[in-house]
Amino acid sequence: MSPLPSSLRDRTFCTIKVGALAAVVAVPLLLQACGGGEAPPPSAPPAPSASAAPSAAPAASAAPPASASAAPPAETASAAPPPAPTTPASTKVTTKNDPAWAGCHQSYEAKNKEVVKDVAAMAKSCAAVTKMKEVGKPFKGKQADKDTPQSFPLKAKANHCYRVYAQAAEGIKDLDLAIKDSTGAIAGEDSTDDPSPVVFEDGAVCFKEDDAATVIVSVGMGSGAYAVQVWGD
């Protein structure tokens, strides 16, 4: 048997060596040490293409600039309309109040037969508590809620108090009563919605000076006849 070539012997010896040391040494390194040829260098990873390479940090897309027409401005509350002008209170009068005076009016029931007689009966039913007496003759009129208010003169004396009574016929559900001084300012007005108003329900209007005052009568609901009577101290 012819001897093995030297190169083959070296490879056989190295193969045995590899089997003995395989658990400790990596095979490619032993083969290189044994002259079995150099291990091919690791191939470099292919360079990623521009399209495949992910961007390092995706940038947030910029929001489009808001245009004036994109979002309408928030609506603002419209200013409330100014309140309607009110008639000023009179500076020519003071008021006299007594809760006991309200009872005689509240307990009164009209006969609804003759407005002049009814208003006189109502005023007389309060005479004991008010200690007042009739001033002048009753006023009588006829009015509907669509009509303009009617007025009657009241010659007020300084340092005297006055209470005005009114009674409406059945056709009027709400009769309104007021006193104005010579300047047109409100000296007093009724506080009830009924056909028999009184100014005041629980008191009287007292003038600080002589004045050409006016009694104003208007109808809030209905139509028909009414009568007014002024009492004073």
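The values are calculated or read from the model by the stated rules, or taken from the named source; none is laboratory data. If you're wondering where the values come from, they're calculated on a predicted model, not measured in any experiment. Virtual Cβ from ideal backbone geometry, glycine too; neighbours counted across all protein chains shown.
Being among the hydrophobic types (A, V, I, L, M, F, W, C), more than 15 Å from G232 (Cβ to Cβ) and surrounded by 15 or more Cβ atoms within 10 Å (Cβ to Cβ) is true for just one of A128, A144, A121. Which residue is that? Before you say what the answer is, go through the steps one by one.
Details: A128 fails: surrounded by 15 or more Cβ atoms within 10 Å (Cβ to Cβ); A144 fails: surrounded by 15 or more Cβ atoms within 10 Å (Cβ to Cβ).
Testing whether each residue is among the hydrophobic types (A, V, I, L, M, F, W, C), more than 15 Å from G232 (Cβ to Cβ) and surrounded by 15 or more Cβ atoms within 10 Å (Cβ to Cβ) leaves just A121.
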Subject >> Hey, S218 touching a residue at least 12 places away in the same chain (Cβ under 8 Å), within 20 Å of D145 (Cβ to Cβ), surrounded by fewer than 17 Cβ atoms within 10 Å (Cβ to Cβ) and of a type in the set (S, T, N, Q) or not >> reply: yes
Subject >> Top-ranked residue in the stretch 163-187 [being under 34 Å from the mean Cα position of the chain (by Cα) and over 21 Å from Q143 (Cα atoms); ranked as surrounded by the fewest Cβ atoms within 10 Å (Cβ to Cβ)] >> reply: A185
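Could you identify the single residue in S191, S182 that is in contact with an Asp or Glu (Cβ under 6 Å, 6 or more places away or on another chain) and at pLDDT below 95? Reasoning before the result, please.
Details: S182 fails: at pLDDT below 95.
The unique qualifying residue is S191.
Results for (1) in the same structural domain as C161 (by TED's automatic domain parsing); (2) hydrophobic (A, V, I, L, M, F, W, C); (3) at pLDDT 95 or above, shown as yes or no for each residue.
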| residue | (1), (2), (3) |
| --- | --- |
| F200 | yes, yes, no |
| A204 | yes, yes, yes |
| E209 | yes, no, yes |
| A212 | yes, yes, yes |
| V215 | yes, yes, yes |
| M221 | yes, yes, yes |
| A225 | yes, yes, yes |
| V228 | yes, yes, yes |
Subject >> Elements of type strands (runs of 3 or more DSSP E) contained in the stretch 81-157, each with 1 or more residues being small (G, A, S) and at pLDDT 95 or above >> reply: 139-144, 150-156
